Amino acid sequence: MTDHQPQPVDAVLARLAQLRAADPPTHGGRVLSYVYDPGRPDLDQLAAEAVRLFLPVNGLDPTTFGSAAVLERDVVAFARDVLHGDGEVVGSVTSGGTESCLLAVKSARDTWRAAGPGRERAHPRLVLATTAHPAFRKAAHYLDLDVVEVAVDPVTGRADAAAMAAELTDDTALVVVSAPSYPFGALDPVAEVAAAAADAGVPCHVDACIGGWVLPWWGDLPPWDLAVPGVTSISADLHKYGYAPKGASVVLYRGRAAHRAQYFATTAWPGYPVVNPTALGSRGVGAMAAAWALLRALGEPGLAGLAGDARRATDAVRAAAGEIAGLHVVGSPVGPLLALAADDGPDSVDPFRLVDALRARGWVAQAQPGLVQPDGSRLPRTAHLTLTAVSAGIADDLAAALSAAADDVRGLPAPLPDPALAERVLTAGLPDELAGVMATLEALPADVVRPLLVEVLASVVDPGPVG
Ligand SMILES: *Cc1c(COP(=O)(O)O)cnc(C)c1O
């Protein structure tokens, strides 16, 4: 944008629409990650109207903007009921799952540091499974905790409760389990880990960022939320299965002290007293207002209905995937997530090639690289599918596309890593077929991959040298 002269408003809006038109479709269920579509234009309209009403409000100071305080209190209370918290459970609305997880870690770190002499500057441990969301690694990176990663069962993808319990030392600030995990949709053994954590005096966080607003209505599940003794905090993203626009999640704590430990407050400047419950200063309230409106309009029956649609879609696609030669669904996923891995043998369907073949057919699945765990076991590369309520209407189309895409690539050799590819991507951008890129990412050492990924993503938004 080198032309800084004013443009006619029509042209400005036309340009925005043109940019959006080139994106993959955010509605209709063909993009199987990133976006969550209730399949209900009326709900989208409600959310948009709520955002419009609250667009100018600053949630930085809920004593000035009392409206923001009312909405947040209501959303926290709703979440607490749904997640089986009692009157001792309180929390905050945040900008998303990453912030909810970051704050849970911050609260646990500060509580751990305050609990003993000599801990003020010490780096406690954060114990997690290899399938835990990277938001926790990011929190550890920002907040100076030492990550202790524990291998999951390579067949089911579930966290190993005994192995996690064995890591709960005195210098552990928090242990994390997922309900379910993003990569495989595995419901971790929440009760076992939480019981071990309670015995060891370690707080236990349930990352229900993706499951928190859909598992409550999924059907028969072992307890996984605040109903479980020993679970001390939980995160649940409203901008996933609450179908709110991006920018809304909830983090809840058992006990007001743990919630208060999340806050930052200072008077050490000549300006207004700063009290920040979350990582942000000025806080947009639009997404929270939309979440509030959706929760009010849907109520529990409405949320249960949307969860039922997602469940029907997931069951149908899972059954169909089970019939496709050369691939299988990993483990026993709980909730609307599926990971597809290759079978061994001549009929094998490589997941990275499957993702490319699906894209060529107009469906966007996510390629997930394999991983060598700390115990040497291997987690397979997979193709990830996130189903939503809208998927119920297109489950048959998706099943047919999966089957056809598998036919396209069945028996082809797995793509090989190509170190020269990195240079080509940096100069020429990403190719249409990503299987080779993903295979290269999977094979290169982490310390080589990280700067490459940063460079590729940074170059996308880099305006270039001034000239
Ligand atoms: C999405 C997700 C997160 C992080 O949430 P963002 O909203 O993307 O920041 C954390 N944990 C799990 C299991 C998730 O699926």
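The values are calculated or read from the model by the stated rules, or taken from the named source; none is laboratory data. Worth saying up front: this structure is predicted, and the values here are computed from it rather than measured. Note: ideal-geometry Cβ built from the backbone for every residue, glycine included; neighbour counts use all protein chains shown. To get the accessible areas, we keep the full protein, side chains included, count just its heavy atoms, and leave off ligands, DNA and RNA. Shrake-Rupley method; radii C 1.70, N 1.55, O 1.52, S 1.80 Å.
Using a Förster radius of 51 Å, what is the FRET efficiency between L16 and D199 based on their Cβ-Cβ separation? Nearest 0.05, please. Once the sixth-power term is evaluated, E becomes 0.40. Across segment 49-294, counting alpha-carbon atoms alone, Rg and Dmax equal 17.5, 58 Å. Applying 1/(1 + (r/R0)^6) with r as the Cβ-Cβ distance of A458 and D86 and R0 = 41 angstrom yields a FRET efficiency of 0.35. Working from Cα pairs under 8 Å separated by at least six residues, relative contact order for the chain is 17 percent.
Here the peptides 232-240, 115-123, 85-93, 152-160 are ranked by packing, the mean other Cβ count within 10 Å, and the order with the highest first is 232-240, 152-160, 85-93, 115-123. Only helices enter the 222 nm calculation for the chain: every DSSP H run of n ≥ 4 contributes -39,500 (n - 2.57), and dividing by all residues gives -13000 deg cm²/dmol, rounded to 500.
Dividing the convex hull volume of the alpha carbon atoms of segment 292-398 by its residue count gives 136 Å³ per residue. Of the beta bridges in the chain, as assigned by DSSP with both residues counted there, near 60 percent are antiparallel.
D by Stokes-Einstein for segment 384-454, Kirkwood Rh over Cα pairs, 10 °C, 1.306 mPa s: 108 µm²/s. Once the 1.4 Å probe is applied to the protein heavy atoms, segment 49-294 comes out at 40 Å² accessible per residue. The residues of segment 421-460 expose, per residue, 64 Å² of accessible area to a 1.4 Å probe. The heavy atoms of T267 present about 110 square angstrom of accessible area, all protein chains included, probe 1.4 Å.
Only protein atoms count toward the accessible area here, which uses a 1.4 Å probe; on the chain, the carbon and sulfur part of that area reaches 58 percent. Determine, from the Cβ-Cβ distance of A268 and A69 and an R0 of 25 Å, the FRET efficiency 1/(1 + (r/R0)^6), rounded to the nearest 0.05. It comes out at approximately 0.50.
Binning the alpha carbon pair distances of the chain at 10 angstrom intervals from zero yields the distribution 4, 18, 28, 28, 17, 4, 0, 0, expressed in whole percent. If the segment from T169 to H4 were pulled out straight at 0.36 nm per residue, it would be longer than the present Cα-Cα gap by 53.6 nm. Within segment 334-467, the proportion of C-alpha pairs whose separation exceeds 22 Å stands at 46%.
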